[in-house]
Amino acid sequence: MLMEEAERRGLVPKSYAPLWPEEFCKIDGETAYRFLVEHCRTYEQAGGQDLRFPEKDYIRELCMEWHHCYETGEPLLIIKRRRLIVSWVCTSLELHLAGCRRGKFCVAAEKYEGLNGSQQFIHRVWYVYDQLRRNNPSWKLAKPEYTGKPEKEYLEKLILPNGSTFDAINASGGSFQGTGVTVARLEELSQYAQVSRVWAQAMFVTEGVPGEKRGFAYSVSNATPNEEYLELLRPTA
């Protein structure tokens, strides 16, 4: 407790050690999938229940593809059906990675506040982490720092005990700034007013420094006739 208080006050540097037990610290799709289905929970709003991830082929395949793109730095455009819990899977994949290795994560949405705003997606990261902390006392997970109100289901920023950060981005407000982002997720990119501009910004902030692996930009969207979005899907020559 004294060390945690000293870290909080900035008297000693934060520990950047992995947060998870050793068996879940490997950064690959199979480990992430086991982490999700064995320990992570989603929140089902209609029934007000915490639900485990089902052991579904599409979830395993998404974990594998997500990690392949993360390792190679290839962008990923996910088209989902409305009833699938793809966004919760992506939330948990990012949290697993953030707990294994310190990094900068951001989630963008067309709006900043309210239902399906970027602040709500950051709250989901907090929610999954909070469930892990409560349901696995032997892991000794410390409380994270945050800006916002979890009880209102919105957070502007989340800081995990190992220094990993999650930031809410207002895509329509042009707030994609800086560089060195580990993972940038764009929720419902196909609904944005300026698809190509925001996608270009996400690619820029994940560019990385010369000689090192670039960050990972990806989107999660429902099917749409938006021509700008469809252009992104077309293979380049």
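What residues of segment 67-107 lie in the reach of a label at Y16, counting those whose backbone N is under 16 Å from a point 7 Å from the Cα along Cα→Cβ?
98-105
Taking H as built 1.01 Å from N, whose amide H comes closer than 5 Å to the amide H of K80, not counting residues under 5 places away?
Here the answer is S221, N222, A223, since their amide H atoms fall under 5 Å of that of K80.
Using a Gaussian network for the chain with springs between C-alpha atoms less than 10 Å apart, which of these wobbles most: K157, K104, K56?
Sorting by GNM fluctuation, first place goes to K56.
What percent do you get for the relative contact order of the chain when only Cα pairs under 8 Å and 6+ apart count?
Computed over the chain, the figure is 22 percent.
Can you check what the Kirkwood hydrodynamic radius comes to for segment 55-179, Cα pairs only, in Å to one decimal?
Its Kirkwood hydrodynamic radius stands at 15.4 Å.
Among the chymotrypsin sites (Phe, Trp or Tyr not before Pro) in segment 106-135, which ones are in a DSSP loop with at most 13 other Cβ atoms within 10 Å of the Cβ? Mind listing them?
When the chymotrypsin sites (Phe, Trp or Tyr not before Pro) of segment 106-135 are filtered for loop state and at most 13 Cβ neighbours within 10 Å, nothing remains.
Could you give the distance between the Cα centres of segment 27-70 and segment 77-142, to the whole Å?
Using only Cα atoms, the two centres lie 11 Å from each other.
Averaging over all projection directions, find the projected area of the Cα convex hull of the chain and quote it in nm² with one decimal place.
13.9 nm²
Heavy atoms only, probe 1.4 Å: what % of the accessible area of the chain goes to carbon and sulfur, would you let me know?
Exposed carbon and sulfur together represent 50 percent of the surface.
How would segment 52-115 be classified by its alpha-carbon gyration tensor: rounded, prolate or oblate, with rounded meaning a/c under 1.5 and the a/b versus b/c comparison settling the rest?
Since a/c stays below 1.5, the shape of segment 52-115 is classed as rounded.
Which value in Å is the Kirkwood Rh of segment 167-237 over different Cα pairs?
By the Kirkwood definition, the hydrodynamic radius is 12.8 Å.
Can you pull the one-decimal nm distance between simple spin-label points at C69 and Q49, each 7 Å off the Cα toward Cβ?
It works out to 3.1 nm between the two label points.
Which order do the peptides 216-222, 29-35, 146-152 come out in when sorted by mean C-beta neighbours inside 10 angstrom, highest first?
My ranking of the peptides, most packed first, is 216-222, 29-35, 146-152.
Just to be sure I understand: of the beta bridges DSSP finds with both ends in the chain, what percent are antiparallel, rounded to 5?
Taking every DSSP beta bridge within the chain, about 40 percent pair in antiparallel fashion.
If you count only protein heavy atoms with a 1.4 Å probe, what accessible area per residue comes out for the chain, rounded to a whole Å²?
Roughly 52 Å² per residue, with all protein chains present.
What is the gain in length, in nm to one decimal, between N222 and L115 on full extension, counting 0.36 nm per residue of separation less the C-alpha to C-alpha distance?
Full extension from N222 to L115 adds 36.9 nm.
Count the lysine pairs in the chain whose Cα atoms lie under 16 Å apart, taking only pairs 8 or more positions apart in sequence or on different chains.
Value for the chain: 9.
The values are calculated or read from the model by the stated rules, or taken from the named source; none is laboratory data. Since the model is a prediction, treat every value here as computed from it, not as a measurement. So basically every Cβ, Gly included, is an ideal-geometry build from the backbone, and we count neighbours across all protein chains shown. Accessible surface is based on the protein model in full, side chains and every heavy atom, while ligands, DNA and RNA are left aside. Shrake-Rupley method; radii C 1.70, N 1.55, O 1.52, S 1.80 Å.
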